[in-house]
């Protein structure tokens with residue numbers, strides 16, 4: 001649990017991997033990115049607005065709608081299989097159905113596509129840099145932890161799954 005206190009964080013609790021006691025999970029990062037993209041659009045703070053065809057705004061909206069549906073479906077798989085959705089949690093089931101047949105990390109993929117949709121809507125040059133940055137961050141920060149946990153918990157079964165299904169697409 002995270003609570004505000006004036007007590008300093010002991011150095012022993014700080015690690016290179018997670019130097020802040022509150023975890024910054026990927027959906028929170030996406031929320032921050034989308035808010036940043038909206039601010040860049042609203043304040044034209046991203047510099048030059050791209051002169052993209054106007055139909056791409058509609059493409060962005062459709063992407064957001066489809067990503068919302070896909071996100072609901074993917075997160076529902078966790079509930080159906082009664083396992084944790086938290087990337088650093090202990091998994092109780094290996095999900096190999098639904099969107100997990102196409103990608104080992106469909107939720108991260110959905111979130112990245114949603115951010116791309118938001119970038120298309122904002123048409124701000126800087127907005128298009130944020131989805132790839134998110135992918136790199138998630139790949140290096142969270143997917144590594146998830147894969148370690150799944151390998152520990154499911155062993156060969158998970159390794160076989162990795163051979164059949166790619167990490168992203």
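Annotation for the range 71-99 versus the range 139-164: alpha-carbon center distance of 14 Å. For the range 52-164, the relative contact order is 33 percent, taking Cα pairs closer than 8 Å that sit 6 or more residues apart in sequence and dividing their mean separation by the residue count.
Legend: ranking of residues 76, 104 from fewest to most surrounding C-beta atoms inside 10 Å; resulting order 76, 104. Extension gain, residue 39-residue 125: 0.36 nm per intervening residue step, less the Cα-Cα distance, totals 29.7 nm.
Highest average first, the peptides 69-75, 50-56, 117-123 ordered by how many other beta carbon atoms sit within 10 Å of their residues are 117-123, 69-75, 50-56. Say each of residue 49 and residue 136 gets a label point 7 Å from the Cα, pointing the same way as Cα to Cβ; how far apart are those two points in nm? Going by the 7 Å Cα→Cβ label model, 2.8 nm. Between residue 164 and residue 56, the distance separating the two model label sites (each 7 Å from Cα on the Cα→Cβ line) works out to 3.9 nm.
Pairwise Cα separations in the range 52-164 fall into 10 Å bins from 0 onward with the following percentages, short to long: 14, 39, 30, 14, 3.
Computed from the coordinates by the stated procedures, all read-outs in this text should not be read as laboratory data. What you see is a predicted model, and the numbers here were worked out from it, not measured in a lab. Every residue, glycine among them, receives a Cβ derived from its backbone with ideal geometry; neighbour counts consider all protein chains shown.
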